[in-house]
Amino acid sequence: AASLAILSTRWRVETRTRTVEVILDAQAWRELAIREGRPPREVFAALHVRGATSVAIYEGTLRRLLEAGRASYFSGGDLQDAARAGTLAPPLRVLVTSGRVRAEAVYVLAHPSVAEWVEEGFRGLLGTGRVRRLGHVLEVLGTRVDLEELGLGFLPEELAAYQAGPAGFHLVLRPRNYRGLTPENLTRKLNVSALGHAPHTVVFEGPEVLGYERMIDETARHLKALRYRYGRIEAFSAKRKQRGEDVLTARMEPAVIRLFSLTPEEMAVLTPAAMEDKFLRAAQERGIRLAYLRPIITTSAGVDAIQANLDFADGVVQGLTRNGFPVGRPDPLPEIPQSPILFGLVAAGALALGAIALSELARTAGVHLEIRHLLILVAAGLLATGLAQVGAGTFLLWRKALALGTAIAGATLAVAVTLAQESSGGVLRRSLGALWRASAISAAAGVLIAALLTAWPFMLAIHTFLGVKVAHILPPVLAAFLLTFGARPGGERFILREIWRWLERPLRLQYAVIAVIAAVAAVMLLGRSGNFGLPLSGVESRMRDLLEDLLVVRPRTKEFLIGHPAFMLAAAAQALGLRGWVVPLAVIGAVGQAGVINSFSHIHTPLQVVLLRTLYALIIGSILGTVPVLILKRVIRRWRPVPAG
């Protein structure tokens, strides 16, 4: 009940924060317009009409200024080579002939207004000793490779151009880190509020956040002082994760919004419909509120590239709005207020569930735990819960430990207790009843975990459920132990003697094959668990796409296709007297119960999605499990009578 009270608050917060901001990569869309011979202003106006709300602006660099035709730059060696070829502009030729060109410098020639901005940028980053004015030319000490990619700040006229007119966009800044950063040039990089329209979001360019790694605290202070919000890029691999983002996210609480984007490499192999679907799924299933759009570079022959991209942007916006995600400027996810009393009750429930599981395991092993021993353990856990709240880091770790224990205990008991109970009725009825009773226990454990981890760091995916692989592998092992030895008299010596006797049996080929298959299946299960796992097969990928098209939310494959049907078969084998098959099938069925609990442990996934995913998996799994149960029942009836009941 306490868990449901906490989750009801979370539900209300999730339903109020559904606005999605559609951000255009200004550089990429501008290049597309130029390549297709269309005025960039016209293309951006068309995108604004279709619902795009913001543009992401990169810092100016020498390379970008050169590509835009706003500046030229040469190394000292380049100037001397060009002078010998007679291709230099007069200001540069004068420098070479006067002998003032240095091989260890870069020389910049630009329009006076741009040249002044470039000079200010280099002086702010490198200091006045490395920058000097030589007439109309700017000399900067350093290598061309280093200096041409140095972020010099944001050109005021570029920012103003995107804000001007009726189709004015909100700005998203994309600064890049510089290892020589100081508090002074940090201020210059971020403070563009003199325009009167402070940007609402900052999304860092490159592999690391601004200030990494010594000045992340200063970066957070500057961002907060300017009332900026940090757009945290969702990463599906360690390579895409920006260095320092976890620390900065914690410092920026709660002014953080999660962002989803597709890389050009990903877009090259996806259809527009598939890309639109990915943006919708990101908002729907993972709480993403910033949709970062790059244009489709490679379009089919005979297709107008501009129109195809306008349709793509329109498809993303329409898909979001049709599914209840209005396009606009989202507010950051707030911290969910939580009563210490309610959390204490949830912790008590989790500790009690763990105590019950421990009691069952001890009883099966021949160790008797009295109720007072269990109460002492729960009381000690509650004391630890109170003490852990003193420190934020300790409390987060304790939450994770409680959640992991609850996941292991819940899935273990769901399988062992359900199959240990006697039930009446036909084989199919008993199989379906066992699956739904076990799933109810798992869902109850999942609700406890969801309440334990309902906090801002988990909802923003800064911190995640601890021990995903352990929570998948331990319940099948523990459930097999309880089912194998739970109904037999004896203690620890009896169990060890039985195991030793089993190990003394000769290894048959069929058992070896089964063991190898089981080991491969376990490795694949563990490899597919967690955030970064094994890739999908082609068949599974197509099946996922089909389910995503047919259903609001795609259920988990390991639940409806493997775990739930296997659990029904375990219950059917028990009803039909096939004792030797109950435990192996129950072990496979435990995978589905662990999956049910795992769905609730994804705190960044909205509760509505978790509930639908669990229900879909149960319904489909029940249907798929019915077929083999009926086949098994028919086969057994042909060979021997079904036991009464």
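When only Cα pairs below 8 angstrom with a gap of at least 6 residues are kept, segment 109-238 shows a relative contact order of 20 percent.
Between SER98 and ALA362, the modelled labels are 8.9 nm apart [label points 7 Å from Cα along Cα→Cβ]. Here is the result for segment 353-453: no trypsin sites (Lys or Arg not before Pro) lie in DSSP coil with at most 12 other C-beta atoms within 10 angstrom of their C-beta. Surface composition of segment 114-261: carbon plus sulfur atoms contribute 53% of the solvent-accessible area (1.4 Å probe, protein chains only, all chains present).
Distance from the Cα centroid of segment 589-641 to that of segment 58-127 is 68 Å (rounded to whole angstrom). Between ARG12 and ALA160, the modelled label-to-label distance comes to 4.7 nm, taking each label 7 Å out from Cα in the direction of the beta carbon.
Where a ≥ b ≥ c are the square roots of the eigenvalues of the C-alpha gyration tensor, would you call segment 399-480 rounded, which needs a/c under 1.5, or, failing that, prolate if a/b is larger than b/c, or oblate? Cα axes put segment 399-480 in the prolate bin.
Relative to the 2.2 N^0.38 Å rule of thumb, segment 83-131 has a C-alpha radius of gyration ratio of 1.30.
List the relative contact order of the chain as a percent without decimals, with contacts defined as Cα pairs under 8 Å and 6+ residues apart. Averaging sequence separation for qualifying contacts and normalising by length gives 15 percent for the chain. Of all the accessible heavy-atom surface of segment 304-352, with the other protein chains kept in place and a 1.4 Å probe, what percent is carbon and sulfur? Result for segment 304-352: 58 percent of the exposed heavy-atom area is carbon or sulfur. Applying 0.36 nm per residue to the separation of VAL269 and ARG179 and subtracting their alpha-carbon distance, the gain on full extension is 28.9 nm.
Applying 1/(1 + (r/R0)^6) with r as the Cβ-Cβ distance of ALA235 and ALA82 and R0 = 45 angstrom yields a FRET efficiency of 0.55. A Förster radius of 45 Å combined with the Cβ-Cβ distance from GLU42 to SER423 puts the calculated FRET efficiency at roughly 0.05. For the chain, excluding the exposed loop sites themselves (GluC sites (Glu not before Pro), DSSP loop, at most 11 other Cβ atoms within 10 Å), the longest remaining stretch covers 105-369. For TYR178, nonlocal amide neighbours, meaning residues 5 or more places apart or on other chains whose placed amide H falls under 5 Å from its own, are GLY211. Counting only Cα atoms, the size of the chain along its three principal axes is 105, 60, 52 Å, in decreasing order. Dividing the Cα radius of gyration of segment 313-382 by its Kirkwood radius returns 1.42 for Rg/Rh. Annotation for segment 253-315 versus segment 211-244: alpha-carbon center distance of 23 Å.
The angle between the Cα long axis of helix 40-49 and the longest principal axis of the Cα atoms of the chain comes to about 40 degrees, rounded to the nearest 10. Rolling a 1.4 Å probe over the protein heavy atoms gives the chain an accessible area of 47 Å² per residue. Just going by the charge dipole of the chain, with Lys and Arg at +1 and Asp and Glu at -1 on Cβ, which of GLY77, TYR178, THR484 is farthest out on the positive end? Highest projection toward the positive end goes to THR484.
Overall, the chain carries a charge dipole of about 2040 debye about its Cα centre when +1 sits on the Cβ of Lys and Arg and -1 on the Cβ of Asp and Glu, all other atoms neutral. In segment 252-408, Cα pairs under 8 Å separated by at least six residues give a relative contact order of 21 percent.
From the square roots a ≥ b ≥ c of the eigenvalues of the alpha-carbon gyration tensor of segment 290-436, which class results: rounded (a/c under 1.5), prolate (a/b over b/c), or oblate? Verdict is oblate for segment 290-436. Taken along the Cα-to-beta-carbon direction at a fixed 7 Å, the label points for THR128 and ALA28 span 4.2 nm. Here segment 378-453 has 71 percent of its accessible surface on carbon and sulfur atoms, given a 1.4 Å probe and all protein chains in place. Note on LYS558: aspartates and glutamates with a C-alpha under 13 Å away, same-chain residues under 8 apart excluded, are GLU540. Couplings 3J(HN,Hα) for segment 267-284, derived from phi with the Karplus relation 6.51 cos²θ - 1.76 cosθ + 1.60 (θ = phi - 60°), are 5, 5, 10, 10, 7, x, 5, 5, 5, 4, 5, 5, 5, 5, 4, 4, 6, 6 Hz, where x marks Gly and Pro.
Convex hull volume per residue, computed on the Cα atoms of segment 565-609, equals 60 Å³.
Going through the cross-link list LYS469/LYS633; LYS189/LYS400; LYS224/LYS469; LYS241/LYS469; LYS224/LYS278, which pairs have a Cα-Cα distance over 27 Å in this structure? With Cα atoms farther than 27 Å apart: LYS469/LYS633; LYS189/LYS400; LYS224/LYS469; LYS224/LYS278.
Most tightly packed first, judged by the mean number of other beta-carbon atoms within 10 Å of their residues, the peptides 175-182, 412-419, 346-353 read 412-419, 346-353, 175-182.
The values are calculated or read from the model by the stated rules, or taken from the named source; none is laboratory data. Note that the coordinates shown come from a computational prediction; the quantities given were computed from them, not determined experimentally. Glycine also receives a Cβ, built like all others from the backbone with ideal geometry; neighbour counts cover every protein chain displayed. These area figures cover heavy atoms from the full protein model, side chains too; ligands, DNA and RNA do not enter into them. Shrake-Rupley method; radii C 1.70, N 1.55, O 1.52, S 1.80 Å.
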